[in-house]
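This report concerns only the one structure given below.
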Amino acid sequence: MSALTKCNFKPTGCPELYPFVKIVLAVRLKTSAIKRPFVHLPKSYYMDVQMEASWKELLKHEFTKPYFLEIVTILKMERAAGKTIYPPGPLIFNAFNQTPFDKVKVVIIGQDPYHNPGQAHGLSFSVPAGVKPPPSLANIYKEIRTDMGIEMPVEYGNLTRWAEQGVLLLNAMLTVRANEPASHAKIGWMNFTDAVIEKISDQKNGVVFLLWGKFAQEKQVLIDATKHFLLKAAHPSPFSVDKGFYGCRHFSKTNELLIQQGLTPINWKLLTP
């Protein structure tokens, strides 16, 4: 059985990329017959990552690892096959562009981007201006109202203002196929975002990590709890919000922890344009 068959990956519609994907997937499966498979790949198969400078320098070694080349190749293949991928290419690394490494004070970990048209713009839980907040974000707003007494906008869900204050809105998977939730869960993104979390843990102190739901809480093994703060609660999804998200008071607690360190608290209020 070939590596492609074992991985269930079908490069339909882009035969010119088949040799490169075969190489990449063979490496993923630890096939020993191929040595130094990336030396002769065309430069076009490496992503010129459009990312804020401090993050790009910090993560530069990740961009040349086999798993990252696999991500790039699969994304190119899916686009060539006519698949729609969210968020748009320039917004894949939006979380990093909005929150430079030295500004990170809080991390909110999501799972994968919204998969409906017009929703995903590279920030976990956030949607662009003009898009109604999805249910999980609406529930986050309800908790902020209860916790902080802040009135949140009903029709506005762009959290860029949080990101600009130092809240890294990080999804574990940075892309998704349209209308197919978790469709990019196994293409390698979690290797990358796990590395991001580890870099934050290793090189910063006193960061507040908001871990909502089992998926996010599994990331706590990557975080040094002796030098950072981990606040855990149920996920704000309608399916679990009543199981411990409502009443968690994570927004006021986050600000208390920042103030204790002499840092400026987050202004959670969103001002509609």
Test Met190 against the stated conditions and say whether it is part of a loop (DSSP other than H, G, I, E, B) and either at negative phi or hydrophobic (A, V, I, L, M, F, W, C) (or both).
-> no
Kindly indicate whether any position in region 57-67 is surrounded by 18 or more Cβ atoms within 10 Å (Cβ to Cβ), modelled with pLDDT of 95 or more, outside the structural domain of His184 (by TED's automatic domain parsing) and not in a helix (DSSP H, G or I).
-> yes
Within region 126-150, track down each residue that is in contact (Cβ under 8 Å) with a residue 24 or more places away in the chain and charged (D, E, K, R).
-> Lys132, Lys142, Glu143, Asp147
Return yes when Pro181 is at pLDDT below 95, out of contact with any helix residue (DSSP H, G or I) (no Cβ under 8 Å at 6 or more places or on another chain) and under 21 Å from His121 (Cβ atoms) and no when it is not.
-> no
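Quick grid of which residues meet (1) closer than 17 Å to Lys103 by Cβ; (2) part of a helix (DSSP H, G or I); (3) among the hydrophobic types (A, V, I, L, M, F, W, C):
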{"residue": "Ala182", "(1), (2), (3)": "no, no, yes"}
{"residue": "Ser201", "(1), (2), (3)": "yes, yes, no"}
{"residue": "Gln220", "(1), (2), (3)": "no, yes, no"}
{"residue": "Lys227", "(1), (2), (3)": "no, no, no"}
{"residue": "His235", "(1), (2), (3)": "no, no, no"}
{"residue": "Leu271", "(1), (2), (3)": "no, no, yes"}
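Only one residue in Ala120, Ala138 is assigned to a loop (DSSP other than H, G, I, E, B) and at pLDDT 95 or above, so which one is that? Let's see the steps before the verdict.
Numbers: Ala138 fails: assigned to a loop (DSSP other than H, G, I, E, B).
Going through Ala120, Ala138 in turn, the sole match is Ala120.
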Val154: touching a residue at least 24 places away in the same chain (Cβ under 8 Å), out of contact with any helix residue (DSSP H, G or I) (no Cβ under 7 Å at 6 or more places or on another chain), outside any helix (DSSP H, G or I) and aliphatic (A, V, I, L, M), yes or no?
-> no
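Within region 27-39, identify whether any single residue is touching a Cys at 6+ places or on another chain (Cβ under 9 Å), assigned to a helix (DSSP H, G or I), modelled with pLDDT under 95 and not assigned by TED's automatic domain parsing to the domain that holds Pro153, and answer yes or no. Walk me through how you get there before you give the answer.
So the first thing to find is which residues in region 27-39 are touching a Cys at 6+ places or on another chain (Cβ under 9 Å), and the list is 28-29.
From what's left, assigned to a helix (DSSP H, G or I): 28.
Still in the list and also modelled with pLDDT under 95: 28.
Filter once more, so that each one left must be not assigned by TED's automatic domain parsing to the domain that holds Pro153: 28.
Yes - at least one qualifying residue is present in region 27-39.
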Go over the candidates Asp102, Asp112, Asp147 one by one and state the one that is over 30 Å from Glu70 (Cα atoms) and of a type outside the set (Val, Ile, Thr).
-> Asp147
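The values are calculated or read from the model by the stated rules, or taken from the named source; none is laboratory data. Owing to the predicted nature of the structure, the values given are computational and were not obtained by experimental measurement. Glycine gets a Cβ as well: all are built from the backbone with ideal geometry, and neighbour counts include every protein chain shown.
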